[in-house]
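The structure under discussion is supplied below as structure tokens; questions concerning it will follow.
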Amino acid sequence: MDDQEMQLKVKRVTDKFTESMYVLANEPSIALYRLQEHVRRSLPELVQHKTDMQSWEEQSQGAIYTVEYACSAVKSMNNSSLYFKNIDGLLKQTITMKEQINSSQGRRKRAVDPVIMRDGIEKQNSGI
């Protein structure tokens, strides 16, 4: 019986010791310490992620602004097709007028050239 009694006492002591260790391991101050350690280890990485995300946000905002500006430029170009058609018509008129001027100057030159040639020949003949 002595042996059984001893075993019972040892079992009680080990149970109490286990319970005490469990309470100590899960004590709120220990939990707060573990939480603080976790924050200390993971916070620099989280800060780096935050700065990276802010940088990416700035870059994407710039790209969005560029795309919106390009879209508005294209839309305004669509609206200006009337002006381009007007410019095209004026250019065609100008080309036609230039061709008319060139052809009238060409006729005048041909009409003037024989007179100049005849006068030049008469001057040469009289000088000989």
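The values are calculated or read from the model by the stated rules, or taken from the named source; none is laboratory data. Predicted model, so just to flag it, every value in this text is computed and none were measured. Positions of Cβ are generated from backbone atoms using ideal geometry, with glycine treated the same way; all protein chains shown enter the neighbour counts.
Within segment 36-45, track down each residue that is surrounded by 10 or more Cβ atoms within 10 Å (Cβ to Cβ) and of a type outside the set (Val, Ile, Thr).
Our first condition is that a residue be surrounded by 10 or more Cβ atoms within 10 Å (Cβ to Cβ); within segment 36-45, this holds for 36-39, 42-43.
Once the filter is applied, which keeps residues that are surrounded by 10 or more Cβ atoms within 10 Å (Cβ to Cβ) and of a type outside the set (Val, Ile, Thr), segment 36-45 yields Gln36, Glu37, His38, Ser42, Leu43.
Before we move on, is Tyr22 modelled with pLDDT of 90 or more and in a helix (DSSP H, G or I)?
No, not satisfied.
Being outside any helix (DSSP H, G or I) and small (Gly, Ala, Ser), is that true of even one residue in segment 57-78? Show your work before the answer.
Of all residues in segment 57-78, those outside any helix (DSSP H, G or I) come to none.
Among the residues of segment 57-78, not one is outside any helix (DSSP H, G or I) and small (Gly, Ala, Ser), which makes the answer no.
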